[in-house]
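See structure below.
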Amino acid sequence: MIGTTSTIDRVVFYIESHLESELRREEIAAHVHYHVDYLTRMFKKEKQISMKEYIIRQKMQKARILLQNTNYPVSQIATQLGYQNLSHFSFAYKKTTGRSPMEDRLSSLKAYHL
């Protein structure tokens, strides 16, 4: 697999540059000119995580930063990260971080005021 690392680096850069959109594997594969199934296997082999899970983790990492450092409403943060459904965003956030978006925001506020 010649060029795997540079291809995966391009995929990672694309994902990180488009966190505000509803990223789809097909769109990413088209961007790097690979078949979606082949790219998905390459990504998992290189990163030890599925592309879908990587996208979710990156979005939730950015959400956590926004929750802790801004006063944006949770709904605005969800929309900013490509989620049209607030409950879907909250479910993904809690599954990834172990806390709801509001629990994370409140804990960061408490830590800030200590």
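FYI, it's all coordinate maths here, none of it is from the lab. Note that the coordinates shown come from a computational prediction; the quantities given were computed from them, not determined experimentally. All Cβ positions, even for glycine, are placed from backbone atoms using ideal geometry, and neighbour counts span all protein chains on display.
Based on Cα contacts under 8 Å between residues 6+ apart, region 42-97 shows a relative contact order of 29 percent. Where does helix 51-69 land angle-wise versus the long Cα axis of the chain, in degrees 0 to 90, nearest 10? The helix 51-69 is inclined about 30 degrees to the chain.
Of the GluC sites (Glu not before Pro) found in region 2-95, the ones in coil according to DSSP and having at most 13 other Cβ atoms within 10 Å of their Cβ are 20, 22. Could you compute the longest span of the chain free of trypsin sites (Lys or Arg not before Pro) located in DSSP loops and having at most 16 other Cβ atoms within 10 Å, not counting the site residues? With trypsin sites (Lys or Arg not before Pro) excluded where exposed in loops, the chain gives 25-98 as its longest stretch. For region 4-113, a Kirkwood hydrodynamic radius built from all Cα pairs, placed in the Stokes-Einstein relation at 25 °C and 0.890 mPa s, yields a translational diffusion coefficient of 166 µm²/s. Stretched out straight at 0.36 nm per residue, the stretch from residue 72 to residue 49 would grow longer than its current Cα-Cα span by 5.3 nm.
Could you compute the net charge surrounding residue 94? Neighbours are other residues with a C-beta less than 11 Å from the C-beta of residue 94; K and R count +1, D and E count -1. Taking every other residue near residue 94 into account, the sum is 0.
For the chain, the relative contact order is 24 percent, taking Cα pairs closer than 8 Å that sit 6 or more residues apart in sequence and dividing their mean separation by the residue count. Helix 101-113 and the longest principal axis of the C-alpha atoms of the chain enclose an angle of approximately 60°. Charge tally for residue 57 (other residues, Cβ to Cβ under 13 Å; Lys, Arg +1; Asp, Glu -1): +4.
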